[in-house]
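Below: one structure, written as structure tokens.
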Amino acid sequence: MMNVVTGSPFLISLMASVASLPFFLFTLPAGVLADKVNRQKFVCAINLWLAAIAVGLAVLGWLHLLNPVLARNFLFALFISVIPALMPVVGLQVLHLGSSQLGLLFTSMGAGSVFGAVFVISWLRARFSPDSVTLAANLLIVLAYMLMAFVRQAEVFFVVAALAGVGWTLSASELWVAAQRAMPSWARGRMNATVIMISQAAMVFGGVIWSSAAAVAGPIHTLLGASVLFLASLLLAGRLSINVGADLEDKVSGFLSGSVESGAGRQ
């Protein structure tokens, strides 16, 4: 995207440094706040900040000022980052799993992903719209988060991890397919790069937030808070439809055309 906006090698190289700048500037102040501020209030502030992000994206989508594919990818990546951030913590510190059992935990999630990709997603696509499939997958992830907060038996927790893997694969697949179908052929590479960039940024941002919350309030309360916020984001983002049609394709094409014209104007 930076190569589209500007041809400057300096600015393109600077992207990696700029991405690390927020962590350099705000990590130490965040640690100071965690030490000085009431921890319950601190966690509430973090949750309110995440809720504000979800509400802001939903409002922009409601006003048709936000590309639905990019917004849905950002929201999904923000909340799916709970899995890599918290599942190992729960496994090691709450369930007291060994190294081999932790490996089996991630294997269970991978098995769920494979099962969802091979046996479930084609059946759902033949019967339901992309919005319905994505909503069902995200609700399955919310359920998995809530179960992770309460389940204390390792074998049952492996099953919950498999459910999370199914939900992750179904939702990510639908979002990716919606982007591929909606984008015009002349901008496929640009749109793919933008989707990946936004998703990875949301994963990094979400990972830092969830890990910080777990360090302050514990992984169980963080999982419950993530479940509530994820559910709220699904309700608020109802107008960000990814059902493939002319309207969605026009929105994506308009977004990309505006980006190209903006970059050409700067040059």
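The values are calculated or read from the model by the stated rules, or taken from the named source; none is laboratory data. Please read all numbers here as calculations on a predicted model, not as lab measurements. Cβ placement follows ideal geometry from the backbone for every residue including glycine, while neighbour counts extend to all protein chains displayed.
Just for helices (runs of 4 or more DSSP H) wholly inside segment 112-216: which have at least 1 residues that are surrounded by 15 or more Cβ atoms within 10 Å (Cβ to Cβ), β-branched (V, I, T) and out of contact with any Leu (no Cβ under 7 Å at 6 or more places or on another chain)? It would help to see each step written out before you state the result.
Numbers: elements: 121-125, 130-150, 154-182.
Fully inside segment 112-216 and qualifying: 130-150, 154-182.
Take segment 62-76 and flag every residue that is under 17 Å from the mean Cα position of the chain (by Cα), in a helix (DSSP H, G or I) and at pLDDT below 90.
From segment 62-76, those under 17 Å from the mean Cα position of the chain (by Cα) are 66-76; that's our starting set.
Adding the requirement that they be in a helix (DSSP H, G or I) leaves 68-76.
Those that are under 17 Å from the mean Cα position of the chain (by Cα), in a helix (DSSP H, G or I) and at pLDDT below 90: P68, V69, L70, A71, R72, N73, F74, L75.
Report, ordered by the first and then the second residue, all pairs with beta carbons closer than 7 Å, sequence separation of six or more or different chains, a first member in segment 224-249 that is at pLDDT 80 or above, and a second member that is assigned to a loop (DSSP other than H, G, I, E, B) and surrounded by 21 or more Cβ atoms within 10 Å (Cβ to Cβ).
Within 7 Å, no pair qualifies.
Regarding P184, is this residue modelled with pLDDT under 80 and in contact with a helix residue (DSSP H, G or I) (Cβ under 7 Å, 6 or more places away or on another chain)?
yes
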